[in-house]
Each structure stands twice: as C-alpha cells, then as structure tokens.
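The values are calculated or read from the model by the stated rules, or taken from the named source; none is laboratory data. No experiment lies behind these values; they were computed from the predicted model shown. As a convention, Cβ positions derive from the backbone with ideal geometry for all residues, glycine included, and neighbour counts pool all protein chains shown.
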Amino acid sequence: MSHKVQIIDENNELVKTLDAKDGELLHSLLVHEHGYHAPCGGNRTCKKCKVRIKNEIPYMPEEKNNLNDEEIKEGIHFACLLQVTEDLTVQLKANRYQIAEDIYEQIGAADPIIKRTHLSLRELKCDIKADYISMLKKQIGADSVSLEVVKRLPQLIINEINEIVVIHDEKKIIGISEKVEAGYGIAIDIGTTTIVSYLYNLSTGTYKDVISDINHQKNFGFDVIARIKHAHEASGLEELRKSITSQLNEMIESLLKKNSLHQEQLDELVIVGNTIMMHLFVGANPKDIGIAPFTPVFTESIYTEALKLGLKVSEHCMVLLLPSIAAYVGADIVSGMIAAKMHEEDTCSLLVDIGTNGEIALLNHNQITCCATAAGPAFEGANITYGVGGVFGAINKIFHKNGKLCYTTINNEAPIGICGSGLIDGIAYMLDQGYIDETGYLEGDDLAEIDEMTALEIAKKQDHTSIYITQKDVREIQLAKGSIRAGIDTMIDESGIKVEEISKIYIAGGFGSFMDKESAIKIGLLPKELEHKIVSIGNAAGIGAIKVLLNKECLKQVAQVKEKCKYVELSNSVKFMDYYMESMSF
C-alpha cells in the first residue's frame, strides 16, 4: 500500500508529488526523494525539521511538548516523527543561502596541467619506420596516448581533417578534436556544508562563472561524524557517494549550459575538501577516521579520469584531488595555505578555518604545525535553539545602537533565526551589557524564561513569535569557541613561539567571511594580541584550487606545504585540554 505526498511551496504551488510506502517516515521520504535536510540527519535531536501539513492529523505527545500553540494551530509537525499513513500535502519553505564565492583573477599567462595544442595533420610526415601515433607523440612531446586517441585519429585522417586540437598533459595525449576550441576547467571546493564550483578558461586563465549550493550530503547528517556513521550502514557509503557525484554533475552541467559550452570543452577538474569529503567522493569508506587512532585510507593526491569517479563528462576529462595532511586536516587547508601564500612567507603566520571541524595551521618560518578541533556545528546554527544556517532571513549581525539592541538579516528579509556570525555578535553584546558573566552564566532583570531556560529576546518573527539566545546556546558557543581557541593556543605552544610573533592571522571559510572580528576577540574566540593582524581571506580552499587549476607550478607548492606540515593530534595533547578549560571562560 502506498500514499501520495504532494510538496507545495510558500505560494501553495505544486512542486512535486512523491510516492510513500505505508508507515514510511516523512523525513526519510523527503531526504531521499526531495533533497530535504535537517541538522541532526533525522536523529530527533535538533527539532529543526518542522513542516506544515495541510491535512488535519493528530499530534504525538513529543510534538505537543516541543511546539507552541501558534505552530500547532498552523499545522506544523516534525518530519522525523511523522509516519505517512494517508495522502498528505506538505508545505516547505525554500531556503536561499548566502555562500562565500570569492573569485581569483589570474595574473599573467595560464599554464594548466591539461593543455590544448593546435596541430596540422599535414605536419605528421610519415617515413618507413614511423607511424601516426609515434609522430603525434613526438610533435607534442608526450610519452603515451590514450586508447580513445588511437581510435579517433584514423577517422580524422580519412575525413581529411587538417586542423585539430590535441589535448594533453606533460606525459600523455588524452584527447583529440577537430573542433578548434578553447578548453575549460572547474575548481571545486567540497565543503561539509557548502559546495562552490568555479569555471575558468584554461587557455587564457580568465574567470567565467561560479555556482554554489548546500552540500546535499547534509541529508545524512550535518557534520562529518554523522556522515562517517551513515557510511557504516548498509548502502550508506554508496548513498553518500551518489549524493555528491550527482550534485557535482548537476553543477557541471549548469555551468556549461549557462556559458554556452559543450561537454567536450571541459578538460580538467581540481577538487579540494576535508579528508572525509574526499573519501566519500571517491567511495572510500572513512570508518577508521571516526575512531582512534583516526587513520584515513589515503592522504595523497589522486589524478585520474573523471569518468571513473561517476562524473558525466567527456572521456578525456581529468580530475585532480589535492592531498590532505591527516584525518581531520584536509586538502581544503592545504589549498587554503596556497591561497594565503604561506609557502612564500619567511615569518610566523596563522591560518584558521572556522567551521564544524576547526582546522588550524601555524607557520613558523620553515615549519608548519597543524591540527583540527572538534568545534561542532554551533557556528553553523545547529544545536542552537533558534539557530539557522546562512539563509536569507537569518540574523547575521547584532549590535548596540541608541541604547537598543539592533540587528540585520541576510538579504534584509524578515528574521527567521540566528546564524553563526549573529550568534557571535549576540554573545559579545550580552557580555557588553552584563547579561553574561565570565563563566557564561546568563542573568538579568529583563530576561525571559523559555523552556525552563533563561533567554534574551533578539527579534520577533512575522508570526509574532520571538527569537531568543538561551542559556543553552551560550554554553554551546562556549564549547565551540573554547575548542577553536584552545587549538590556536596549542599550536602556538607547539611551535615554541609567542603570540606576539605572529604577523598575520588568516581567517578562512564562508563563516569567517561574515564574522565580525571585534566580536570574535570580545568572546575570546581569537587572541586579543592579534586583533589588528586579522585578515579575512574568504573561500581560501576554493581560491587555492583555482590557482592549481590555472598553473601546474602550484602543484610544487602544494608538495612543499605538505612536506613542511607537522600534524598534532589534539586528543593526545594534555596542553590542549588545559587550554580548553581556560578558553571556556569569557
């Protein structure tokens, strides 16, 4: 027995009709058939999978305990608790996200790994000891050719095609075409939360376009630990792999179509991400990354045909995955160090990527010390009572003006919740106003009581319900910022330097792009001594990937960075635990 589940948008327009098995969990149906997600991955802990059901259906006790009267009146239910036992009409709001899409303008000529060389077939003069392929290899300076080239070349000769394009890297001819067109490449940053893809002309090095989206793997868990856990389950790894490859295929197709390019013009992909994202993309089970001693299957770079990884591209298109350092210090940080030019510096500088998995690298002249801290998803809005991601309508700034609490929202839309940058501002504001003491205890005469927790009202939604920062939220931010700060202090200690010796602190990642520096210093997320040395470099992982895409010499820099890196496992560090306890206070 099955049931029809109609998905409608905010304007009551039909989006999609899904077939549900009798008794199927609505959350599971929406995840697998509609790309829906909730921060906890359906584990019934985040209370964020609220959907409006147009049918009148009874409420479970757990729903009544966690929904207010207004929500119940409007037909709001939790998708993770609702079993489909009849035809349903479900209204979902489409979230639009603010994602950092920093682009990079190539200076000087491009020198990519994959090149296109124009050639006249008449130049392939044959003698008694030669063959066409041998002459083609000699003309290009290649050691080998792909089987497809061997099969394609005779047809071009028979058809008397003279001007051709030979597609090749330094060692191998991978394609030939009678269409004398420019080749293109895409640099892709696969983040735990977001994916950003950049399209470039490989001949000129010029930027063409960028596209970004929320990582659809969030359907299976908000953070990497949840996804590692899901990969353990039957067919879980394949679900995660297919999720990312299908999303990349959609992004690649969209970029090509939008820019009037065809598949044969795409020659190369350079991909970065944290170590877990790299494992899930290639289909390598990251099981051992989730347990001590946190051993990854691979950290080296991978260079192979894109078709082998399930991408819908031409046969000659190659993909390069940049190397990682360790289980929780991935290719995104290696790429970020290239973007920050840390490999060129003979000084002390610090790179911090603040996210669900805070990654930190400290350059002390010729040595790089790096680590990863389990900050958790609080900065992404998860585990926060009224927390949301960087969606339109999220409160992204909170400040004091004319004696009042003021705020702004992303895209200036009506407030729906608080994102990470707004939370940091909110905590800083509460410290300034004396609502929070150094232990994080929240008190004050004008505070509210929400679900038996003290809370400060920040804003009202359009439905007149309030958005609060609660005592629980303060504790969550304490844990997250304490983890990041303790990681920074441990790296400084491990490097044997003083904080004053650091010339710059680079803040990377989408969250870092929108975070207020003064608020970060105020709550103790970053050392006060570095207040005037903070440089936000946006999506550094993406920029580093672009540099490698456009200039093969950057691969040498990647190798140098990896060679310089010394990884510190913080779970084995007594100093880290000491710093962590200290960093919990404000």
**Study point:** Residues that are surrounded by fewer than 18 Cβ atoms within 10 Å (Cβ to Cβ) and not in a strand (DSSP E or B), drawn from the range 82-91
**Key:** THR85, GLU86, ASP87
Study note, to complete from the structure: Per the filter on the range 214-255, residues over 14 Å from ILE188 (Cβ atoms) and either touching a strand residue (DSSP E or B) at 6+ places or on another chain (Cβ under 8 Å) or of a type in the set (A, V, I, L, M) (or both) are ILE214, VAL224, ILE225, ALA226, ILE228, ALA231, ALA234, LEU237, LEU240
Review point. (1) touching a Lys or Arg at 6+ places or on another chain (Cβ under 8 Å); (2) closer than 30 Å to GLN106 by Cα: which one isn't true of GLY185, the others all being true?
Key: (1)
Check your understanding: Can you tell me which residue in the range 52-81 is surrounded by the fewest Cβ atoms within 10 Å (Cβ to Cβ), limited to those that are modelled with pLDDT under 80 and polar (S, T, N, Q)?
Key -> ASN65
Review point. Strands (runs of 3 or more DSSP E) wholly in the range 195-305 with at least 3 residues that are among the hydrophobic types (A, V, I, L, M, F, W, C) - which ones?
Key: 207-214, 266-273
**Study point:** Enumeration of residues in the range 48-80 that are more than 21 Å from MET1 (Cβ to Cβ) and among the hydrophobic types (A, V, I, L, M, F, W, C)
**Key:** CYS49, VAL51, MET60, LEU67, ILE72, ILE76, PHE78, CYS80
Review point. Does ILE211 meet the test of being crowded, with 21+ Cβ neighbours inside 10 Å, modelled with pLDDT of 90 or more and among the β-branched types (Val, Ile, Thr)?
Key: no
Review point. Any residue at all in the range 37-51 that is at pLDDT 80 or above and out of contact with any Ser or Thr (no Cβ under 7 Å at 6 or more places or on another chain)?
Key: yes
Practice item. Restrict the check to the range 342-350 and report whether at least one residue is within 26 Å of TYR468 (Cα to Cα) and not β-branched (Val, Ile, Thr). Key: no
Practice item. Specify the residue that is nearest to the chain's Cα centre (by Cα); the eligible residues are those in the range 544-586 that are among the β-branched types (Val, Ile, Thr) and under 28 Å from LEU320 (Cβ atoms). Key: ILE546
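Do the conditions hold for ALA428, that is, is it at pLDDT below 90 and not in a loop (DSSP other than H, G, I, E, B)? Lay out the reasoning, then the answer.
On the way: at pLDDT below 90: no; not in a loop (DSSP other than H, G, I, E, B): yes.
It is false that ALA428 is at pLDDT below 90 and not in a loop (DSSP other than H, G, I, E, B).
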**Study point:** Residue under evaluation ASN402, criteria (1) modelled with pLDDT under 90; (2) within 22 Å of the chain's Cα centre (by Cα); (3) more than 30 Å from ASN572 (Cβ to Cβ), criterion not met
**Key:** (2)
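Given the residues SER235, SER243, SER203, SER260, which is the only one that is surrounded by fewer than 20 Cβ atoms within 10 Å (Cβ to Cβ) and farther than 30 Å from ASN551 by Cβ?
Working: SER243 fails: surrounded by fewer than 20 Cβ atoms within 10 Å (Cβ to Cβ); SER203 fails: farther than 30 Å from ASN551 by Cβ; SER260 fails: farther than 30 Å from ASN551 by Cβ.
The match here is SER235.
Among the residues of the range 431-466, how many are polar (S, T, N, Q) and not in a strand (DSSP E or B)?
Final tally of qualifying residues: 4.
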Practice item. Return the total of residues in the range 257-290 being within 24 Å of ILE174 (Cα to Cα), of a type in the set (S, T, N, Q) and touching a helix residue (DSSP H, G or I) at 6+ places or on another chain (Cβ under 8 Å). Key: 2
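Taking the range 174-199, which residues are of a type in the set (A, V, I, L, M, F, W, C) and under 33 Å from the mean Cα position of the chain (by Cα)? Don't jump to the end; show me each part of the working.
Going residue by residue through the range 174-199, those that are of a type in the set (A, V, I, L, M, F, W, C) are 174, 176, 180, 182, 186-188, 190, 195-196, 199.
If the condition is that a residue be of a type in the set (A, V, I, L, M, F, W, C) and under 33 Å from the mean Cα position of the chain (by Cα), then ILE174, ALA182, ILE186, ALA187, ILE188, ILE190, ILE195, VAL196, LEU199 are the ones that fit.
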Practice item. Sort out which residues of the range 443-484 are in contact with a helix residue (DSSP H, G or I) (Cβ under 7 Å, 6 or more places away or on another chain) and modelled with pLDDT under 90, and write them in order of number. Key: MET453, ASP463, THR465
